[in-house]
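Colleague: Can you keep this structure in mind? I'll have questions shortly.
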Amino acid sequence: MKSILETSLTRASDAPAEGNWIRTLDPNEKRTLAASFAGYGVDSFDYYTLPLVTPILLSLWGMSKTEVGLIGTSTLVASAIGGWAAGVLADRYGRVRILQLTILIFTIFTFICGLSRTPEELLIARTLQGLGFGGEWAVGSVLIAETIKPAYRGKAVGLVQSSWAVGWGAAVLVSLALFTFLPPEYSWRAMFMLGLLPALLILFIRRSLRDPDIYLQTRAAVARGERSSNFLAIFKPGVLRTTLLASLMFTGMQGGYYAIGVWLPTFLKNERHLTVLGSGGYQFMFIVGSFIGYLCGAYLSDALGRRRAFMLFAACAGALVYAYTLLPITDGVMLVLGFPLGFFMSGMFSGAGAFLSELFPNELRGSGQGFCYNFGRGIGATFPVLVGVLSDRLHMSLGSAIGICAAVAYVIVVVVAMCLPETSGRDLRRN
């Protein structure tokens, strides 16, 4: 596994002139980059299983859109709790150890989702899966930010973010195969049960990774009484404003993303009347745009600065989601628009891990990053259920509900980003 992951990452740097930065990394940095890339990719695969099987569950179980939205929202709320808890534990017990724990949790409960017999059982299993899902990103992004050299931090975190599109694409490919060759009552279960395979990644992490020197030095300073490790310090004067603003900004980023991501397959099938195979092409345009957006967003995050990149991507995403869901466009135009929509909606996240790591002092990094990102995820998690409620109870079209919720979310990102400090290139050793 080690050689495959590292080879794939190195090959990605062969063509672009600036991509050669990967070759300058030391072996530990490359292993950490490879493990974080793979971990976030399987996180994405497991997450997108539910949106992809939603059309089948709506038919087999007669579920309402509100019920589906509730499951999606409960997953994200649980991931918010899991993300903050994992960040706090990672500050105390180490990045690598807690990263393994989070991967174990989300793989086991993804498998259990496939054994569900009722919507209530699926709700419980999916909620527990969310605990590990949220924790993996919180710990993995801190690990990569503390390990990689400051000059490459934005690019490295952005490259790891791009694996979300890889995992999403893999989930779509697998779903197309399963939905084509298996009857509906078995295909959705098989989709969930495949989520157990990524547990093998834990073996690679256990053998190959170690905690960053910055973390080890900070823990030693805490042990000597030179620094405080109380995770509630992120709410104290001097840090509280940063915590609140960052939490609000990530609420907007994730609210917009999940309003679209959770409902996109259902929107394409039920409102655009596309078949499973037909909608696959539209989703892949979106996914390819997302992958390139993650990579470009990583470079722009370093080149323009974190705040400007956030504002640029949010403004463009808001305009595009309005056109995609609210304007009377043809299927051909929708196919084309999927690429830039995916590009801006996903590329916005490229600077997220680096930005949060740079905002907080070393002894509070896991807690601060875990809280802000996952508070945003928890509140942003209300957007999918809000879409379902608007569509069911106000008799609004699904496209209109998605467009309105996402547009509001992206306005929040632009406004709040103006109020936060620029952190690009900050040396974490001095934090």
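Colleague: When only Cα pairs under 8 Å and 6 or more residues apart are kept, what is the percent relative contact order across region 18-426?
Modeller: Numbers: 763 pairs, mean separation 113.4, N = 409.
Relative contact order, region 18-426: 28 percent.
Colleague: What is the Cα centroid distance between region 325-404 and region 128-165, reported in whole angstrom?
Modeller: Taking the Cα centre of each part, region 325-404 and region 128-165 sit 18 Å apart.
Colleague: Taking the chain, how many lysine pairs are there with alpha carbons less than 16 Å apart, if each pair must be eight or more places apart or span two chains? Before the final figure, lay out each step's value.
Modeller: Working: Lys2/Lys30; Lys30/Lys149; Lys30/Lys155; Lys65/Lys269.
Lysine pairs satisfying the spacing and distance rule in the chain number 4.
Colleague: Return P(r) of region 18-426 (all Cα-Cα pairs; 20 Å bins starting at 0; whole %; ordered from short to long distances).
Modeller: Bins of 20 Å from zero give 30, 60, 11, 0 percent of pairs.
Colleague: Averaging the inverse of every distinct alpha carbon separation and then flipping it gives the Kirkwood radius. What is it for region 353-426, in angstrom units? Kindly include the intermediate steps, with their values, before the conclusion.
Modeller: On the way: mean 1/r = 0.0696 Å⁻¹.
So the Kirkwood estimate lands at 14.4 Å.
Colleague: Restricting everything to alpha-carbon atoms, can you work out Rg to Rh for region 83-160 with a Kirkwood hydrodynamic radius? Could the numbers behind the result be given before it?
Modeller: On the way: Rg = 14.9 Å, Rh = 13.4 Å.
For region 83-160, the value is 1.11.
Colleague: Calculate the FRET efficiency for His395 and Trp21 from the Cβ-Cβ distance with a Förster distance of 56 Å, rounded to the nearest 0.05.
Modeller: On the way: r = 52 Å, r/R0 = 0.93.
My answer for the efficiency is 0.60.
Colleague: In addition: Average projected area of the Cα convex hull of region 31-169, in nm²?
Modeller: 8.2 nm²
Colleague: May I ask you to work out the translational diffusion coefficient for region 125-239 at 25 °C, viscosity 0.890 mPa s, via Stokes-Einstein with Rh from the Kirkwood sum over Cα pairs, reported in whole µm²/s? Please list the in-between numbers first.
Modeller: Numbers: Rh = 17.9 Å.
In µm²/s, the coefficient rounds to 137.
Colleague: Same structure again: If you bin the C-alpha pair distances of region 328-387 every 10 Å from 0, what whole percents do you get?
Modeller: Taking every Cα pair in region 328-387, the percentages come to 18, 31, 30, 15, 5, 0.
Coordinate-derived values only; no laboratory data. All values reported here derive from a predicted model rather than from experimental measurement. Glycine gets a Cβ as well: all are built from the backbone with ideal geometry, and neighbour counts include every protein chain shown.
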